[in-house]
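Okay, so here's the structure we're looking at.
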Amino acid sequence: MGTSSKYLQQEEREGVLLAIIRREEKLNAMNDDLMAELTDCFQRLQERNDIRAVVLTGTGKGFMAGADIEGYNGFDVGRFFAFQQKGRSLYRAVESCPQPVIAAVNGYALGGGFELALSCDLVIASEKAKFGLPEVKLGLVPGGGGVQKIARIVGPFVARELTMTGRFVTAEEGKALGFVNQVTEPDKLLETATAFARTIADQAPLAVQALKRLIHEGRDASLETAQAYDRSYLANLFHSADGKEGIAAFSEKRTPKFTGK
């Protein structure tokens with residue numbers, strides 16, 4: 001089953017949604033239409049209990065090469081910041097999507113494209129992938145949260161280097177820095193990312209969704225507060241049908257049948 005819009009193709013494969021950005025002639029750079037299509041896709045997933053995981057990727061040489069900079073020409077301040085706000089709405093839609101989202105980064109993930117990857121829960125990268133926040137080369141800074149996110153992942157010293165020079169980072173360096181989970185051969189990228197997604201999709205969906213929220217919500221909380229979140233979610237899951245099924249299946253030495261209830 002699949003659907004297509006102007007710049008986004010969606011395919012459903014056994015509980016996994018594959019979302020493919022198709023604006024190849026612009027290295028999948030963001031414009032208003034693409035941001036709207038992606039935002040709508042992830043907002044609709046709030047109601048899709050049958051989808052257990054999402055793989056997001058691009059076509060051609062780009063995952064997403066940031067914003068369509070040529071489109072900035074002629075923007076006044078109001079229109080520029082309205083464009084930036086649409087980007088933030090997209091990233092929030094990805095972050096608040098209940099299902100885990102795996103970025104399968106096939107090529108350039110720059111500026112807003114890197115920020116999109118950082119909004120996902122996991123990153124699988126092709127050996128040809130390149131990451132960067134090169135806004136300094138335009139006399140600007142990233143506007144979609146990338147500065148603060150990358151600083152929390154790699155630390156302030158490396159974050160200063162990456163953002164102040166605007167240099168690109170390879171997939172292997174991204175893995176060493178901690179924002180890439182796995183590096184794969186280019187022709188095996190989708191296969192690897194989809195297998196990763198299916199492994200997650202086989203787990204108890206309520207527990208997976210809880211883990212996504214816990215890690216996101218607990219990141220900036222005190223350790224004591226974050227651990228209180230853990231206990232609260234655990235209590236709710238213990239009383240859920242899936243929690244009871246998981247314990248029963250373990251006791252009966254059988255594969256559990258999770259329903260998301």
Revision key, fill the gap. For the chain, the charge dipole (Cβ of Lys, Arg +1; Cβ of Asp, Glu -1; about the Cα centre) points to a positive end, and the Cα of 178, 218, 101 closest to that extreme belongs to 218
**Study point:** Charged-residue dipole, Cβ positions (Lys, Arg, Asp, Glu), the chain about Cα centre, Debye nearest 20
**Key:** 320 debye
Point to revise | Rg(Cα)/(2.2 N^0.38 Å) for the chain, N = residue count | key: 1.04
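With 13 Å as the cut-off, how large is the P(r) tail for region 205-252, expressed as percent of Cα-Cα pairs?
Working: 653 of 1128 pairs.
So the pairs more than 13 Å apart make up 58 percent of the total in region 205-252.
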**Study point:** Relative contact order (%) - criterion: Cα under 8 Å, at least six apart; region: region 2-201
**Key:** 20 percent
Point to revise | Label point distance in nm, residue 188-residue 213, each placed 7 Å from Cα along Cα→Cβ | key: 3.7 nm
Practice item. Can you find, among 190, 201, 62, the residue farthest towards the positive end of the dipole of the chain? Put +1 on the C-beta of Lys and Arg, -1 on that of Asp and Glu. Key: 201
Point to revise | Gain upon complete extension [residue 61, residue 40; 0.36 nm per residue less C-alpha separation] | key: 5.1 nm
Study note, to complete from the structure: Here, residue 5 and residue 232, labelled 7 Å along Cα→Cβ, have an inter-label distance in nm of 3.3 nm
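Based on the Cβ-Cβ distance from residue 165 to residue 128, what FRET efficiency comes out when R0 is 22 Å, to the nearest 0.05?
Details: r = 21 Å, r/R0 = 0.97.
FRET efficiency, residue 165 to residue 128: 0.55.
From the convex hull of the Cα coordinates of region 165-218, what is the mean projected area in square nanometres?
Projected over every direction and averaged, the Cα hull of region 165-218 covers 5.5 nm².
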**Study point:** Euclidean distance between Cα centres, region 176-247 to region 85-118, Å
**Key:** 17 Å
Review point. What size of dipole, in debye to the nearest 20, comes out for region 205-252 about its Cα centre when the only charges are +1 on Lys and Arg C-beta atoms and -1 on Asp and Glu C-beta atoms?
Key: 80 debye
Practice item. Quantify how much of the Cα-Cα distance distribution of region 23-174 extends past 19 Å, in percent. Key: 51 percent
Exercise for review: Any of 6/26; 86/212; 130/212; 61/188; 188/212; 212/261 with alpha carbons more than 19 Å apart? Name them for me.
Suggested key: 86/212; 130/212; 188/212
**Study point:** Fraction of beta bridges assigned by DSSP in the chain that are antiparallel (%, nearest 5)
**Key:** 30 percent
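Any read-out appearing in this document is the output of simple, stated calculations on the displayed coordinates, not a laboratory observation. These numbers were taken from a predicted model, which means no experiment stands behind them. Neighbour counts run over all protein chains shown; Cβ positions are idealised from the backbone, glycine included.
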